[in-house]
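The values are calculated or read from the model by the stated rules, or taken from the named source; none is laboratory data. Computed from a predicted model, the values in this text were never measured in an experiment. Cβ: placed from backbone, ideal geometry, glycine included. Neighbour counts: every protein chain shown. These area figures cover heavy atoms from the full protein model, side chains too; ligands, DNA and RNA do not enter into them. Shrake-Rupley method; radii C 1.70, N 1.55, O 1.52, S 1.80 Å.
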Amino acid sequence: MVSASWFYRLGFFLTLLIFKGPVGFDPVTFTGPFPTFMSFAQYLFPLAVLEIYLRAQDRPGAVRRMATAGILFVLTLAMGAGTFAVTMAIWVPQVKAGFDARKSIAEALSTTIASRGIDQAIQQYHDLKSAQPATYNFDEGELNHLGYRLIGAHKFKEGISILQLNVEAYPQSSNVYDSLGEAYMDDGDKPLAISNYRKSLELNPKNRGAVMMLQKLGAR
């Protein structure tokens, strides 16, 4: 019961690993049958396994014990796979970021946007990338996170401009088009949202999130 959030993470990321993307929920609003199912399963499933284990102890029998051992073995493998998925998706990037000596370009641009506006921030990005490429972190995730922060603050013009800048920097990345498509959708621009989701799917045909969003937008 205490470890419910741990089981939730394992189940969630293991599902993403198996299905190569979100299934059973809207990746934008995080609503759907899967999160509802997991909100109960994170408690009930571990308790059910514990009940099976306790019954095998209370009622000895070779078949019962072998069956219980088999269930525990399979679930241990699943837990290992889920731990691997969580590690690669969350913990490894966070550890790498902690040891990265480069300055965050996202934070630099965020300060400029607040003080001098989005146009000056875009110019700053190009200037710093040209003059100090090793000093700042220009990884794809930097602009992506900044763009989402701005969209979350309902600064759609600024957020879209940042995500467009990321598309220019990483034109072969499916993820940057997916993020830009989501930004356009949140801003109410359906045609551009569809266009960017289609481009994301073109670069990565396994992007189930893009498929779901195109269906939501009524596009084939």
Assigned to a helix (DSSP H, G or I), in contact (Cβ under 8 Å) with a residue 12 or more places away in the chain and touching a helix residue (DSSP H, G or I) at 6+ places or on another chain (Cβ under 6 Å), is that true of P22?
-> no
Among residues belonging to the stretch 12-49 that are more than 16 Å from A81 (Cβ to Cβ) and among the aromatic types (F, W, Y), point out the one that is least open to solvent (accessible area, probe 1.4 Å).
-> F25
Quick check: is even one residue across the stretch 171-189 open to solvent by less than 30 Å² (accessible area, probe 1.4 Å) and not in a helix (DSSP H, G or I)?
-> yes
Taking the stretch 85-101, which residues are open to solvent by less than 80 Å² (accessible area, probe 1.4 Å) and more than 23 Å from L165 (Cβ to Cβ)?
-> A85, V86, T87, A89, I90, V92, G98
Just one listed residue, out of A106, A89, A114, is touching a His at 6+ places or on another chain (Cβ under 7 Å) and closer than 30 Å to M185 by Cα, and it is A106
Starting from the stretch 207-220, keep only residues that are over 15 Å from A183 (Cβ atoms) and buried (at least 20 other Cβ atoms within 10 Å of the Cβ), then list their pairs with residues that are of a type in the set (S, T, N, Q) and modelled with pLDDT of 90 or more whose Cβ atoms are within a distance under 9 Å, requiring at least 6 positions of separation or different chains.
-> N207/S174; N207/N175; N207/S200
